[in-house]
Structures are given as C-alpha cells and as structure tokens.
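The values are calculated or read from the model by the stated rules, or taken from the named source; none is laboratory data. Because the structure is a prediction, the values reported are computed rather than measured. Every residue, glycine as well, gets a Cβ built from its backbone with ideal geometry; the counts of neighbours run over all protein chains shown. We work out accessible area using only protein heavy atoms, side chains counted, and drop any ligands, DNA or RNA first. Shrake-Rupley method; radii C 1.70, N 1.55, O 1.52, S 1.80 Å.
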Amino acid sequence: MKFPAPTPTCVLGSTGLCAPHTGRGHDPDAYVEIGSLTKVLTGTLLMQLAARGVLTVDDPLERWLKTPAGTGITLRHLQEHTSGLPRLPPGTTRSDPYRAFTDEALGEILARPDGLLTAPPGEKEEYSNLGYAVLGAALSAAAGAPYPELLAEHVLDPLGIRSEVTHRPPPDRSLIPAGLFGRRLRPWTMTGAILPAGGMWATPKAAARILTGLVVDRVLGEPAAAWQRSGELVWHNGATRNASVFAGALPDGRWILVHRLGGSSDATDRIAVDHLRGERCGDGEGQGPGHSLGEGRG
C-alpha cells in the first residue's frame, strides 16, 4: 500500500516553545503564499494612513471610491468584517476563484453594492474577502498610490521585511507543491482586486516577523482590528489551494508561526495551537483536540 507523502511544514516560534524547525521540502527563506494573513497587513496599513491624517477609519466608502452615497459602509466596517458585504465576490469559480475578479469587476460591484449586502453595515460580523478587496482599493485611492507600494512604505519597511514580502515572487525562490506527476500545481490568481484580502507571498521568516513585529513588539502600535482574537490569543490564519498558515501570539510573549504546503488547513491550526499549549513538538497531522478559531481563513 502506498501512503501519501508527508506535508512540507515549517514551524517557527518563540523561545520556550518546541525548537523551530523545517523539513519535508519546506524552506524558511523561500516565498510562500500567506493567504488571508495578508489582511493583517491591510488592516495595519489602514491604521498607519489614519495616523498620518490621510484618512479616518470612519470615512464613508463613497469618500474614496465611486459608489452611491448613503450605503452606510465605512472603512472601519470593512476592517472589522461588519460591512454587510458577503464573504466572496460574485462570479467566483472553484478552480481559480478570483481570476475574473479584476479591478473592473470590483468597480461594477461598487456601482451597485446594495444588492449584495447581507445585513445593514455595523450590525453583523461576517468574514469577508470581498470587504478587504474593497478596503484595499479605498486605501489606494486615498493615498494615491498602488497597494503594494503603500504596504512597502508604511508597513513592511518599518518591520524590516520589504524584500521578503511581495505579490510577485521570483519563480526560482517560490515554493509550490507538486502534483501527482511532479508538476508544480498552479496557484490561484490573486494579483487582481483580491490582492489586499489574500494575495501576498512572504518567506516564513518574514511571516513570523509580521506576527512578532505587529503583535509582540508592537512596532506600529496597538495591533489592528484585522487580527482575530480568541481569549488572550491574538491570531490570524489563511489558506489557498496549495498552502495554509497560522500565526498567533499570547500576552506573555509566546508566539507561533506554522506554514504548510498542502494538507488540511484545520490541521495547520491544530498544530499551531497545540504548540502554544505545549502539547506538540512534531509537525504531523495528528488529531489533537479540536480548536474552533472562527472565520479567519482563505
């Protein structure tokens, strides 16, 4: 009987946790997809632009984007997943969900957003990739520069990781799992309007710095509301077709970053939380205790 190959895994953490390790085809210095961990960068960018007086978090959406007045949606709603916008933009497909979600497609959505709202803005939390795509577009419009440039200047540079986080990784330094016949699997198309919601790549070391810089060391102040919170744990995760990641930290300074190329995204969460609890020192997919960490995914 032929068993499936082990999932390439990278685990990085603070002193006092299990020793950081990589193996099974992973590399802490290669670019990997970080999925929705991108959202904490976008939320941090919002707060940095607000601190500089470029905008305010309570600006109505129509101040910066071509959308009808009176929707009630603010930038704060978009960051906190309370805008009323659905999780996904219309027209997503299973094989490459965001390929058709271009800037033009986003513009069409913004022209008639009311028909998409699942609840009045501010009344209900619903995790929304679409909402973060809209937020990224608003930030770019407010600051008059493309999202990647703003992110590099206001977030990545202060963290010292500008060269290790990108939306277009060099092919010879990016890690993508291989399929049955050894060919690299095709990543989702995430360089269009969806980029601020989940399209960035980073080295695992840089992803760990995102966590430690923003949550542990607080280089840029209080962590943005884009981070998820479960009790004392401040965290976010993310998943694409080919990868999953979990980043989390506790008030006592313990932190964990787990990135995996394939396998179950729920298993990635379990591995990370078990490390924080001191219940795991390996990198397998064993069925540890269940951990319900909400909607921060994708």
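Summary of computed values
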read-out	value
Most to least packed among 76-87, 44-55, 237-248 [average Cβ atoms within 10 Å]	237-248, 76-87, 44-55
Probe 1.4 Å - accessible area at Lys124, Å² to nearest ten	110
Per residue solvent-accessible surface (Å²) - the chain, probe of 1.4 Å	44
Selected from Ile109, Pro120, Gly199, residue furthest toward positive end of dipole (the chain; charges at beta carbon)	Gly199
Part-to-part distance (alpha-carbon centres) for region 25-80 and region 86-131, which is given in Å	15
Expected 222 nm ellipticity per residue - DSSP helices of 4 or more, -39500 (n - 2.57), all of the chain, to 500	-7000 deg cm²/dmol
Cα-based helix-to-principal-axis angle, 129-143 vs the chain, degrees rounded to 10	60
Principal-axis tilt of helix 265-277 within the chain, Cα atoms, nearest 10 degrees	70
The chain, relative contact order [Cα under 8 Å, separation at least 6], %	27
Per-peptide average of other Cβ atoms within 10 Å, ordering 261-268, 197-204 highest first	197-204, 261-268
Pairwise Lys count, the chain - Cα closer than 26 Å, eight or more residues apart or different chains	4
Protection-proxy order for peptides 188-195, 212-219, 228-235, each taking the mean of Cβ atoms within 10 Å per residue, highest first	188-195, 212-219, 228-235
